[in-house]
Amino acid sequence: MKILHPSPGEGEKVGQAEWEGGHILPAAALGNLSGTVALSISDGPAQAGVLTGNVTFTLPAVPAGQTEHITLILTNGDEGIAITVAGALWIGGEAPDLDDSDEAVNVITLRGIAGQWFADGGTAE
């Protein structure tokens, strides 16, 4: 799986940087997931997996002065699966109601800055 972001024209500026072509992010296939799962920045900014049981994601440290981004694309492999992201502050103050039905696809976006992770998410419909 790959995620394609729209891009400006060749040679146009994005902030202070000049765009040098398309921006395609490979989605790391995490496979079947359950229990406690340690996320890794080295797996890339887009990570996809199939939830086969309740899962608690733990987050890597974000070094001072750096920012990180991880997008999780999670497909339920069964009904009634609970998803927890340990240590993240949720936009709006609480985790969203994610769809726990079989084959539902939930997307969670994580942004780390100054040692703290922020999360937002929802169900793809």
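The values are calculated or read from the model by the stated rules, or taken from the named source; none is laboratory data. Here the structure is a predicted model, which is why all the values come from computation and not from measurement. Note: ideal-geometry Cβ built from the backbone for every residue, glycine included; neighbour counts use all protein chains shown. The accessibility values were calculated without ligands, DNA or RNA, using every heavy atom of the protein model including side chains. Shrake-Rupley method; radii C 1.70, N 1.55, O 1.52, S 1.80 Å.
Key figures
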read-out	value
Pair list, Cβ < 6 Å and 6+ apart or interchain, from the range 27-47 residues that are closer than 21 Å to GLU103 by Cβ to residues that are of a type in the set (A, V, I, L, M) and open to solvent by 50 Å² or more (accessible area, probe 1.4 Å)	ALA27/MET1; ASN32/VAL50
Only listed residue being in contact with a strand residue (DSSP E or B) (Cβ under 7 Å, 6 or more places away or on another chain) and touching a residue at least 40 places away in the same chain (Cβ under 8 Å), chosen from THR58, THR109, THR84	THR109
ALA61 surrounded by 14 or more Cβ atoms within 10 Å (Cβ to Cβ) and either at pLDDT 95 or above or under 18 Å from the mean Cα position of the chain (by Cα) (or both)	no
Residue satisfying all of: in the range 64-83; farther than 16 Å from VAL105 by Cβ and under 13 Å from the mean Cα position of the chain (by Cα); surrounded by the fewest Cβ atoms within 10 Å (Cβ to Cβ) among these	HIS69
Enumeration of residues in the range 13-36 that are aliphatic (A, V, I, L, M), crowded, with 16+ Cβ neighbours inside 10 Å and either at pLDDT 85 or above or touching a helix residue (DSSP H, G or I) at 6+ places or on another chain (Cβ under 7 Å) (or both)	ALA28, LEU30, LEU33
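Here's the yes/no breakdown for (1) under 14 Å from LEU39 (Cβ atoms); (2) in contact with an Asp or Glu (Cβ under 8 Å, 6 or more places away or on another chain):
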{"position": "ALA61", "(1), (2)": "yes, no"}
{"position": "THR67", "(1), (2)": "no, no"}
{"position": "ILE81", "(1), (2)": "no, yes"}
{"position": "ALA95", "(1), (2)": "no, no"}
